[in-house]
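K.L.:
After the structure tokens below, expect a handful of questions from me.
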């Protein structure tokens, strides 16, 4: 390694904790925890309570190890213990409501088991909810590692700082972006390619609300873009596909983008049209 590069890396290494976890470690933890809660839940019929507790304790130990570089071992153990003892039971109920919303909202879903095992939208929101809990405790970096794991796995990018209510369903999911100051109420349904973003990305606006508020019961169809911290989508509104919104709409609105599609038959064409894609 060239000495100059070594010197630069050494000089800048002080900006990092000594043993920061990487995305793979964070991803393994959150994936294994969700498998424990859902994919392997049928094992509870054959497992004793002691076996179940031992498996849960192993997950708690792993979370403690991930948190330790940021908080110290004692504080990490305290946070992890509180999460598994006090937060996880309620979080499990919320995730189950998300799964039920997906099953109810998608005619193609055959059962809830299919949702929790195979739907990227459910996986994305499940990882978000774990990351959001740690983010709310001001844990640095690790919540973003969780969210980036879900981003890589599903194509869904939810900042852990966003506030998302119950029974949230992302259908298909790919390409959804939800900014860190977004507020989403209960019973909202979002399709693929939706962006809840900011009008400006200036660094001095980092502490302000830059992303939209989506009220209860809103449906946002594929490709819609909604921008701005002052933008509020009123409850039970329907936002059509490919719309672009930078201003609020009242409750029970229907917003749509009208485009013109022309169909011509072969008999109407005087010459062959070539398309380059």
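K.L.:
What number of residues within segment 158-169 are in contact with a helix residue (DSSP H, G or I) (Cβ under 6 Å, 6 or more places away or on another chain), closer than 28 Å to residue 70 by Cα and either buried (at least 20 other Cβ atoms within 10 Å of the Cβ) or assigned by TED's automatic domain parsing to the domain that holds residue 216 (or both)?
P.N.:
Total meeting the criteria: 2.
K.L.:
Considering only residues that are in a loop (DSSP other than H, G, I, E, B) and either touching a strand residue (DSSP E or B) at 6+ places or on another chain (Cβ under 6 Å) or more than 20 Å from residue 114 (Cα to Cα) (or both), which ones fall in segment 166-186?
P.N.:
The answer is 175, 176, 179, 180, 181, 182, 185, 186.
K.L.:
Search segment 170-193 for residues being crowded, with 20+ Cβ neighbours inside 10 Å and more than 18 Å from residue 212 (Cβ to Cβ), and hand back the single one that is farthest from the chain's Cα centre (by Cα).
P.N.:
Ranking the candidates gives 171 first.
K.L.:
How many residues are crowded, with 19+ Cβ neighbours inside 10 Å and within 19 Å of residue 32 (Cα to Cα) if we restrict to segment 99-121?
P.N.:
6
K.L.:
Looking only at segment 99-138, count every residue that is touching a helix residue (DSSP H, G or I) at 6+ places or on another chain (Cβ under 8 Å), closer than 21 Å to residue 26 by Cβ and at pLDDT 95 or above and tell me the total.
P.N.:
Total satisfying the criteria: 17.
K.L.:
Suppose the filter is out of contact with any strand residue (DSSP E or B) (no Cβ under 9 Å at 6 or more places or on another chain), assigned by TED's automatic domain parsing to the domain that holds residue 130 and either over 28 Å from residue 147 (Cβ atoms) or at pLDDT 90 or above (or both); does residue 10 pass it?
P.N.:
no
K.L.:
Pick out the one residue from 63, 56, 37 that is surrounded by 15 or more Cβ atoms within 10 Å (Cβ to Cβ), in the same structural domain as residue 135 (by TED's automatic domain parsing), part of a helix (DSSP H, G or I) and at pLDDT 95 or above.
P.N.:
63
K.L.:
Has segment 249-261 got any residue that is surrounded by 12 or more Cβ atoms within 10 Å (Cβ to Cβ) and on the phi > 0 side of the Ramachandran plot?
P.N.:
no
K.L.:
Residue 146 - would you say it is closer than 18 Å to residue 194 by Cβ and either in contact with a helix residue (DSSP H, G or I) (Cβ under 9 Å, 6 or more places away or on another chain) or part of a helix (DSSP H, G or I) (or both)?
P.N.:
So residue 146 fails the test.
K.L.:
Can you name the number of the only condition in (1) without any contact (Cβ under 8 Å) to a residue 40 or more places away in the chain; (2) in contact with a strand residue (DSSP E or B) (Cβ under 8 Å, 6 or more places away or on another chain) that residue 124 fails?
P.N.:
Result: residue 124 passes all but (1).
K.L.:
Of everything in segment 170-188, what is in contact with a helix residue (DSSP H, G or I) (Cβ under 8 Å, 6 or more places away or on another chain) and at positive phi? Give them in sequence order.
P.N.:
Hits for segment 170-188 are 172, 173, 187.
K.L.:
Select from segment 220-244 the residues that are surrounded by 21 or more Cβ atoms within 10 Å (Cβ to Cβ) and either in contact with a helix residue (DSSP H, G or I) (Cβ under 8 Å, 6 or more places away or on another chain) or outside any loop (DSSP other than H, G, I, E, B) (or both) and list them in ascending order.
P.N.:
If the condition is that a residue be surrounded by 21 or more Cβ atoms within 10 Å (Cβ to Cβ) and either in contact with a helix residue (DSSP H, G or I) (Cβ under 8 Å, 6 or more places away or on another chain) or outside any loop (DSSP other than H, G, I, E, B) (or both), then 220, 226, 233, 239 are the ones that fit.
K.L.:
A further question on this structure: Does residue 146 satisfy the criteria of being at pLDDT 95 or above and assigned by TED's automatic domain parsing to the domain that holds residue 29?
P.N.:
Yes.
K.L.:
Check segment 204-218 and report whether any residue there is part of a helix (DSSP H, G or I) and either touching a helix residue (DSSP H, G or I) at 6+ places or on another chain (Cβ under 9 Å) or farther than 28 Å from residue 28 by Cα (or both).
P.N.:
Yes: segment 204-218 contains one or more residues that are part of a helix (DSSP H, G or I) and either touching a helix residue (DSSP H, G or I) at 6+ places or on another chain (Cβ under 9 Å) or farther than 28 Å from residue 28 by Cα (or both).
K.L.:
Still on this model: Residues 139, 130: which one is assigned by TED's automatic domain parsing to the domain that holds residue 75, in contact (Cβ under 8 Å) with a residue 24 or more places away in the chain, crowded, with 24+ Cβ neighbours inside 10 Å and within 18 Å of residue 77 (Cα to Cα)?
P.N.:
130
The values are calculated or read from the model by the stated rules, or taken from the named source; none is laboratory data. What you are looking at is a predicted structure, and each value in this text was computed from that prediction instead of being measured. With ideal geometry, Cβ positions are generated from the backbone for all residues, glycine too; neighbour counts draw on all protein chains shown.
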